[in-house]
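I have placed the structure first, in the form of structure tokens, so that the comments after it can refer back to it.
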Amino acid sequence: MSHPLLEKVRAAQQGNPLIYGLAFGILLAVVLNIMPLLNARAKKRWMPERKNVLITGGSQGLGLALAELLASKGANVTIVARNVDKLEQALEKIKKASASPKTQSHAYISADVSTFNGAKQAVKKCSQVPDTLFCCAGGAKPGHFLEQEEQDFEMGLKMDYWTALASTHATARAMREAGVEGKIVLVSSLVGLFGLVGYSQYAPMKYAIRGLAETLRSEFLLYNITVHCYFPATILSPGFETEQLTKPHVLKEIEKSDVPQTPAVCAARLLQGVQKGHFFITSDWQTDLFRAATGGVAPGNGCFMDFCKSRLGRIALPIWRIFEADAIVKKHRTEAPTSTPGASSS
Ligand SMILES: *[C@@H]1O[C@H](CO)[C@@H](O)[C@H](O)[C@H]1NC(C)=O
Ligand SMILES: *[C@@H]1O[C@H](CO)[C@@H](O)[C@H](O)[C@H]1NC(C)=O
């Protein structure tokens, strides 16, 4: 009693391995995409309640927004930075945001965590061993490579890579010592996924942080400490305003099409990523294309979507680079300095 049209389709299908191949491919992709989701659901979602969170760079920008968000969801939050005035103001905000100020405790530690000793002392001052570390400290001093001096590169190394390294090292040691199966979240950047004019003292450090995250994700399986790496694009923070002061015109023009996000939005997306169990976390779709296209063999965020995004990224991003980024750089050739003042070879 079947319809003649159906018969025809069936007959056509029997003779067409392509259709079976295609159907099998789609089915496989769907299954592969759903499996990690089911796994992630089965594993326990990370919840801020009853967590002891340490946040470096917690007195402003992303770090502060994250501190407020996690406090509002029940975590005990300790922030670390150097400037006591800023820390005090930040702590007030965190207390205000707190879900139940009576049962949660929040504190600040004034420390320079860009050295191993400084980071060790800071972790020691925590009232309890942190079970979660967010490394939000960092900053850029954009400029033309040939115009920058040794101290600019050294500053990038210290402020970005070394700070993340030292705080992670000290906290992970304390976690292991206390038998805490914790979590460490490193903050890289969109320019930790591709290099761009003007960021030579910053982008390589963000690549290094990504490398550290990949290494420790593997190594910390030994201790059940989980690692994530966050790649924000432009964040409307005090750090961003400082960057604007030295940013070359050419870089400003390339970033003109960029839509900056507020620290609060970034903090919310970062928390979402952590809760979804994503290893590489992004907070906008453009950065996510870069992530998927350059992710290598790091754990992805869903097989099927990552496959589609990486194909799309491999096509769309080089087009953007050629017709947008590189074209703008070439347009600015005439205004690039031709010599370094005070650096003549006499
Ligand atoms: C958070 O702080 C409160 C108050 O000091 C304390 O009773 C509680 O045990 C802390 N929570 C965690 C997870 O350490
Ligand atoms: C890590 O977790 C696994 C599975 O839950 C457990 O069997 C193992 O003892 C833990 N290892 C350490 C070093 O805590």
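Alpha carbon centre of the range 139-210 versus the range 301-323: separation in Å? One Cα centre to the other: 26 Å. Put a plus charge on the Cβ of each Lys and Arg, a minus charge on the Cβ of each Asp and Glu, and nothing anywhere else: the dipole of the chain about its Cα centre is then about 1200 debye. Spin-label pair E253-V297: with each label point 7 Å from Cα along the Cα-Cβ axis, the two points sit 4.2 nm from one another. Among the protein heavy atoms of the range 41-330, carbon and sulfur supply 57% of the accessible surface, probe 1.4 Å, non-protein parts ignored. The residues of the chain present an accessible area of 55 Å² per residue when probed at 1.4 Å with all protein chains retained. Modelled this way, with points 7 Å down the Cα-to-C-beta line, the labels at L27 and A268 are 4.1 nm from one another. Against the criterion of solvent-accessible heavy-atom surface with a 1.4 angstrom probe, K141, K102 sort, most first, into K102, K141. Using the Cβ-Cβ distance between A99 and I322 with R0 = 35 Å, the FRET efficiency computed as 1/(1 + (r/R0)^6) comes to roughly 0.10. Ranking T171, Q89, I315 by how far each Cα lies toward the positive end of the dipole of the chain (charges on Cβ) leaves T171 at the top. Rounded to the nearest 0.05, the FRET efficiency derived from the C-beta distance between S72 and Q244 at R0 = 51 Å is 0.95.
Rolled with a 1.4 Å probe across the full set of protein chains, the surface gives K120 an accessible area near 110 Å². Dividing the summed -39500 (n - 2.57) terms of all DSSP H runs of n ≥ 4 by the residue count of the chain sets its mean residue ellipticity at 222 nm at -16000 deg cm²/dmol. Once both labels are positioned 7 Å from their Cα atoms along Cα-to-Cβ, the gap between E92 and R173 label points is 3.6 nm. Stokes-Einstein at 4 °C, 1.567 mPa s, Kirkwood radius from Cα pairs: D for the chain in µm² s⁻¹? The calculation lands on 58 µm²/s.
Length gain on complete extension for the stretch N83 to Q121, per 0.36 nm per residue less the alpha carbon to alpha carbon distance?
Using 0.36 nm per residue and subtracting the Cα-Cα distance, I get 12.0 nm.
Put simply, the C-alpha atoms of the range 245-346 give a gyration tensor, and the ellipsoid matching it has half-axes of 34, 18, 14 Å, longest first.
The values are calculated or read from the model by the stated rules, or taken from the named source; none is laboratory data. All values reported here derive from a predicted model rather than from experimental measurement. Glycine gets a Cβ as well: all are built from the backbone with ideal geometry, and neighbour counts include every protein chain shown. For accessibility, only protein heavy atoms count, side chains too; no ligands or nucleic acids. Shrake-Rupley method; radii C 1.70, N 1.55, O 1.52, S 1.80 Å.
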